[in-house]
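To start, the structure itself, in structure tokens.
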Amino acid sequence: MNDNSPTAQVTRLRDALRAADASARLQAALTAGIRADDAYLSTLIDRCAVEPDFYVRDMLTWAITRHDRTRAVDLLLPELRSANPQARSQALHSLSKIQDPRAWPAITTDLLRDADAEVAKTAWRTAAGLAPESERGELARELGRNFGRGDGELQRSLSRAIAMLGPAAEPVVEEASESRDPGVRAHALATAHVMANPDDSFETAVEEARRVAALRAAPTIEGH
């Protein structure tokens, strides 16, 4: 006779999420979301911290959001203090999907400045989505510290997060666009383009930023 006790079901889920085949793990996460049981939450969150496959991680996040959201947030918040960068980034990602205001105070300056690029960019996006109107200006100033950081993907993430803050971010972007640091200046100009033209790609924004920077650097002709 099959043991269908809650403990046995959690054990089966844990074992299925450890399968060597990623498609089997994906199916296990899908099933845990369809047949949501709050007893699964800890197992799903624990697996997020170590799951190597992007698509399985995304399914784990979906499964988490299918459970009681108050309970999910209670279990996700401690993950933000984990020594494991993937645990932090995946918890942030799940919190961004749940959109519970309780998560906002838990997104600390340390997370926004995290040395791990994946954690930082997830923190930026999550914070921008949760920030109360009164906090958006201060958040924009904090995010603005990262202008010029990292590769194109990281810079795209920052620009999109800052654009989410709307008018509250405009003074920060304007100030950074006058920076003496060419990397900061170019990134800020690209961000300004993203804010004004949200349908354009980041690559287009970067090209426009280069054009604007070149025009600013061009010598002026006296009397013209």
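A few notes on this one:
- Length-normalised contact order of region 46-176 in % [C-alpha pairs under 8 Å, at least 6 apart]: 19
- Only Cα pairs under 8 Å and 6+ residues apart enter the sum, and on that basis the relative contact order of the chain stands at 11 percent.
- Divided by 2.2 N^0.38 Å, where N counts the residues, the Cα radius of gyration of region 41-137 comes to 0.99.
- Hz values of 3J(HN,Hα) by residue in region 82-88 - Karplus curve (6.51, -1.76, 1.60), Gly and Pro given as x: 5, 6, 8, x, 5, 4, 5
- Here the Karplus relation 6.51 cos²θ - 1.76 cosθ + 1.60, evaluated at θ = phi - 60°, turns the backbone of region 158-171 into coupling constants of 5, 4, 5, 5, 5, 4, 4, 7, x, x, 4, 8, 4, x Hz, with x for every Gly and Pro.
- Going through [x] 19.8, 63; [y] 18.0, 56; [z] 21.3, 94, the figure that equals Rg and Dmax of the Cα atoms in Å as computed for the structure here is [z].
- In percent, rounded to a whole number, the relative contact order of region 131-224 is 23, using alpha-carbon pairs under 8 Å and six or more apart.
- Each distinct pair of alpha carbons in region 131-224 adds a 1/r term; the inverse of their mean, the Kirkwood radius, is 13.5 Å.
- If the segment from Arg18 to Arg145 were pulled out straight at 0.36 nm per residue, it would be longer than the present Cα-Cα gap by 41.8 nm.
- Magnitude of the charge dipole for region 131-224, about its Cα centre and with charges confined to Cβ atoms of Lys, Arg (+1) and Asp, Glu (-1), is about 240 debye.
- Gain in span if fully extended, Ile34 to Ser201, counting 0.36 nm per residue against the direct Cα distance: 56.6 nm
- Treating each Cα of region 1-84 as an identical point scatterer and summing with the Debye formula, the log10 of I(q)/I(0) at q = 0.11 Å⁻¹ comes to -0.27.
Bear in mind these aren't lab numbers, they're just calculated from the coordinates by the rules spelled out. Note that the structure is predicted; figures quoted are calculated from it, not measured. Neighbour counts are summed over all protein chains in view; Cβ atoms, including those assigned to glycine, are modelled from backbone coordinates with ideal geometry.
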